[in-house]
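The values are calculated or read from the model by the stated rules, or taken from the named source; none is laboratory data. Since the model is a prediction, treat every value here as computed from it, not as a measurement. Methodologically, a virtual Cβ is constructed for each residue, glycine included, from the backbone with ideal geometry; neighbour enumeration extends over all protein chains shown.
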Amino acid sequence: MPRKTIILGLGYLSFIVVSFFYVKSILKTENLFPKDNVKPKIEKTWTISASLIVNTGSKTFNYKTDVKNTDSIMSFLEDLRNNKGLVFEKVDYTHGVEIDSLFNTKASDGYKWAVFQNGNDLTDALSSTRILDGAVYEIRLVKK
């Protein structure tokens, strides 16, 4: 019986040692949680000025406000909604944001509210396009 106990003890001890070195070699080969050594890019922010012209067909409204250079056009519009009295409702889709109504006026069938800058329709990229310093944006009804 003592010989059997010694053999089992040595077998258990050798199993523990082999398991320890096996686990240690596995952990050396591949890091399960790699560290991100890339430092985050920090952008400088400053205040810029932008304007918005809203043409509802019967009335024209002009808004001007100061925002940060890192803000998107949508955050610019939301700032105008919160602080300057612009009234609009938006619908978020996976492809972008659409303006559903402006001053409680929904677009007629076949039309949509669109945001323009220098004649370029920016409606599909309102959340991803940054606001430009001194830019004049316009919201008006256009055919789909």
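For region 80-89, indicate whether the set of residues that are in contact (Cβ under 8 Å) with a residue 40 or more places away in the chain and under 17 Å from D133 (Cβ atoms) is non-empty.
no
Looking for something surrounded by fewer than 10 Cβ atoms within 10 Å (Cβ to Cβ) and in a loop (DSSP other than H, G, I, E, B) - is there at least one such residue anywhere in region 67-81?
No, region 67-81 contains no residue that is surrounded by fewer than 10 Cβ atoms within 10 Å (Cβ to Cβ) and in a loop (DSSP other than H, G, I, E, B).
Closer than 14 Å to T56 by Cβ and either of a type outside the set (D, E, K, R) or at pLDDT 90 or above (or both), is that true of A107?
Here the answer is yes, as A107 does meet what is asked.
Of (1) over 22 Å from the mean Cα position of the chain (by Cα); (2) modelled with pLDDT of 90 or more, N37 satisfies all except one. Which?
(2)
Within the set of pairs 6+ apart or on separate chains, which have a first residue in region 39-53 that is among the acidic types (D, E), a second that is assigned to a loop (DSSP other than H, G, I, E, B) and surrounded by 10 or more Cβ atoms within 10 Å (Cβ to Cβ), and C-beta atoms under 7 Å apart?
Filtered contacts from region 39-53: E43/T70.
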